[in-house]
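What follows is a single structure, written as structure tokens, with notes after it.
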Amino acid sequence: MIDAPASPTDTEVAAAAALAGAEIVRARYGRRHSRIDKGAGDFATDVDVAAEEAILDVIRGARPGDAVHGEEGGRRGAVDAVREWLVDPLCGTLNYATGSHLVAVNVALRYGPAAVADPFSGEVFLTDGETSWVRYDGDGDRQGRTGLRGLRVADGHDSGPVARRLPAGEEQLAPTADTRLVDVNLDPPFPGAPAFRAVDLLAHSGFVEHFRPRVVSTTLALAWVAAGRRAAYVTDGGDLSGSVHFAAGIALCRAAGCVVTGVDGGPVGPEGRGLVVAADAETHGLLMSLIRGGGRSA
């Protein structure tokens with residue numbers, strides 16, 4: 001008797017779906033794209049739509065009974081589906097449209113495994129809900145792919161963390177605040193204003209004393225916190241736990257052992273406000289003290 005092939009795990013489905021979307025994003029980079037206006041200065045492109053369809057094809061093939069909520073297509077699938085996938089096919093559309101590589105493809109099973117793919121580094125950051133790791137591809141620039149492949153941040157000993165090319169493989173994510181780099185999202189909306197304004201945090205003398213600010217405008221930065229490439233990430237907002245933009249990154253960071261709260265220090269969830277994700281408790285505590293201090297400190 002021949003055994004039937006094993007069904008892929010949810011983590012494998014998340015990874016395959018994210019990589020399918022990333023392949024579309026990478027292959028169409030640098031071309032002329034049609035623009036789909038969403039209002040208030042926001043827009044999608046034909047690449048966002050195509051990448052989402054590629055992701056949906058993978059999920060539908062592996063989990064036909066599940067629902068999928070995509071940024072571009074909304075919720076699709078059975079109304080009474082118990083399980084739902086959250087999909088952001090191109091996080092950083094404006095970056096991408098202007099020729100930047102700072103984008104991510106996010107796929108998360110609600111309350112379950114998740115994957116964040118970097119289309120240009122060849123990396124996919126994964127969690128099964130309990131542990132998290134990065135899988136990287138060391139295939140150079142084969143097949144016409146753009147960017148350095150298999151490039152990750154490694155321990156540079158005396159010189160600190162540095163980018164090094166490694167062969168294909170994977171390793172567990174290990175958060176650390178050693179870089180002192182903190183990404184602060186400055187994109188609207190700003191529901192926390194006037195009590196909390198991300199721009200005020202950047203202007204706080206205590207912030208620049210302890211940290212080096214970065215603004216990349218993509219939730220790829222959350223994966224970087226889990227991987228030790230950023231000390232923290234801060235954004236305004238409401239409940240982001242079920243957001244197609246943030247769910248995968250939050251899942252990665254939690255599984256990696258990061259400290260994850262709202263900007264008010266409370267749990268991320270229905271009553272939550274925004275995100276403060278830090279590599280360790282000390283970094284989180286310092287950021288919260290600056291946020292609670294409010295305003296601009298001379």
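General observations
So that you can scan it fast, the table gives a plain yes or no per residue for (1) under 19 Å from ALA247 (Cα atoms); (2) surrounded by 14 or more Cβ atoms within 10 Å (Cβ to Cβ); (3) in contact with a helix residue (DSSP H, G or I) (Cβ under 8 Å, 6 or more places away or on another chain):
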| position | (1), (2), (3) |
| --- | --- |
| ARG35 | no, no, yes |
| GLY41 | no, no, no |
| ILE55 | yes, yes, yes |
| GLU71 | yes, yes, yes |
| VAL82 | yes, no, no |
| LEU86 | yes, yes, yes |
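- Selected residue (only one of ASP155, ASP200, ASP187 is over 20 Å from the mean Cα position of the chain (by Cα), at pLDDT 85 or above, surrounded by 13 or more Cβ atoms within 10 Å (Cβ to Cβ) and acidic (Asp, Glu)): ASP200
- Considering residues of region 92-108 that are among the hydrophobic types (A, V, I, L, M, F, W, C) and surrounded by fewer than 24 Cβ atoms within 10 Å (Cβ to Cβ) only, the residue modelled with the highest pLDDT: LEU102
- Each residue in region 21-33 was checked for being modelled with pLDDT of 85 or more and either surrounded by fewer than 22 Cβ atoms within 10 Å (Cβ to Cβ) or over 23 Å from the mean Cα position of the chain (by Cα) (or both), and 6 pass.
- Every test in (1) in contact with a Leu (Cβ under 8 Å, 6 or more places away or on another chain); (2) free of Cβ contacts under 8 Å to residues at least 60 places away in the same chain; (3) open to solvent by 40 Å² or more (accessible area, probe 1.4 Å) is passed by ARG60 save one, and that test is (1).
- Residue that is modelled with the lowest pLDDT [pool: residues in region 226-268 that are within 14 Å of ALA114 (Cβ to Cβ) and among the polar types (S, T, N, Q)]: SER241
- Here the helices (runs of 4 or more DSSP H) wholly within region 208-298 that include at least 3 residues being within 15 Å of CYS91 (Cβ to Cβ) are 220-226, 247-256.
The values are calculated or read from the model by the stated rules, or taken from the named source; none is laboratory data. What you see is a predicted model; the values in this text were computed from it and never measured. Here the Cβ is made from the backbone with ideal geometry for all residues, glycine too, and neighbour counts use every protein chain on show. Remember, those area values only see protein heavy atoms, side chains included, never the ligands or the DNA or RNA. Shrake-Rupley method; radii C 1.70, N 1.55, O 1.52, S 1.80 Å.
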